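Since every read-out is calculated from the coordinates, none of them should be taken as a lab result. The structure displayed is predicted, hence computed values, not measured ones. As a convention, Cβ positions derive from the backbone with ideal geometry for all residues, glycine included, and neighbour counts pool all protein chains shown.
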Amino acid sequence: MDHLESNASRLRFEAYVDALASVIGHADRTVPLHDYCAGLLLPGERKSVEPMAALTAPARTAPKHQSLLHFVANAPWSDEAVLAKIRHTVLPRIEALGAIEASIVDDTGFPKKGKHSVGVARQYCGQLGKQDNCQTVVSLSIANHHASLPIAHRLYLPESWANDPDRRSKAKVPPDVVFQTKPSSRIRQF
């Protein structure tokens, strides 16, 4: 990739993050948002805040880790507002390539090593092609022949999590989130 393409990509990335920053509330969340998005795009096996901090601020890993952890776990913003901004920003570019032709409901499993992240349990993980420790998200995407765009998502809460009041309380799982089978959650959530 030549420098001009790299610079153009960087400018598009910055514009995208600036658009998202407009709906996350306080201006002091812009830098952690930028670093979090960059961390998702950078190479690395684990996409949790500690390895992201090491990638985005190698000379300041500990304070960057705390900043990203606070941003992800404690900084309030509306998921709906962020998804609406993403749709508003990205959908016209997709539609310029062709009309939306399909809606896709799917579940995606993210392999996890520990058991403390909300919803992590031994369950089928498509990335691994077998049952293993993972976290699962049920999503709705729209697509044409050129691209797809996730427009809604919900974390799947396995029965072992849904029926454990101590884990739910510690992880701040809202009381209205109850166990549903994956097929039921796919139908009811969207």
Return the sequence-ordered ³J(HN,Hα) values of the stretch 123-134 in whole Hz as given by the Karplus equation 6.51 cos²θ - 1.76 cosθ + 1.60 applied to θ = phi - 60°, using x for Gly and Pro.
-> 7, 5, 10, x, 4, 9, x, 6, 7, 6, 5, 7
Given 85/170; 64/130; 47/170, the pairs whose alpha carbons are separated by over 24 Å = 85/170; 64/130
For the chain, can you list the cysteines whose C-beta has no other cysteine C-beta under 4.7 Å from it?
-> 37
Can you tell me the order of 156-164, 8-16 when each peptide is scored by its average per-residue count of other Cβ atoms within 10 angstrom, highest first?
-> 156-164, 8-16
Put one equal scatterer on each alpha carbon of the stretch 3-73, apply the Debye formula with no solvent term, and list log10 I(q)/I(0) at q = 0.25, 0.27 1/Å to two decimals.
-> -1.13, -1.20
Taking other Cβ within 10 Å of each residue's Cβ, how do 125, 37, 134 sort, fewest first?
-> 37, 125, 134
State the three equivalent ellipsoid semi-axes of the stretch 100-189, derived from the C-alpha gyration tensor as the square roots of 5 times its eigenvalues, in descending order and whole Å.
-> 25, 16, 10
Taking the Cα centre of the stretch 35-161 as the origin, how large is its charge dipole in debye, to the nearest 20, when only Lys and Arg (+1) and Asp and Glu (-1) carry charge on their Cβ atoms?
-> 420 debye
Pop a pseudo-label 7 angstrom from the Cα along the beta-carbon direction at both residue 81 and residue 163 and give the gap in nm to one decimal.
-> 3.9 nm
Where does the chain land at 222 nm, in deg cm²/dmol rounded to the nearest 500, when only DSSP H runs of n ≥ 4 count, each adding -39500 (n - 2.57), divided by all residues?
-> -14000 deg cm²/dmol
Note down, for the chain, the three equivalent ellipsoid semi-axes (square root of 5 times each alpha carbon gyration tensor eigenvalue), biggest first, whole angstrom.
-> 28, 24, 17
What nm value, rounded to one decimal, do you get for the distance between residue 89 and residue 16 when each label is placed 7 Å out toward the C-beta?
-> 0.8 nm
Work out the FRET efficiency for residue 27 and residue 102 from their Cβ-Cβ distance, taking R0 = 41 Å, and round it to the nearest 0.05.
-> 0.60
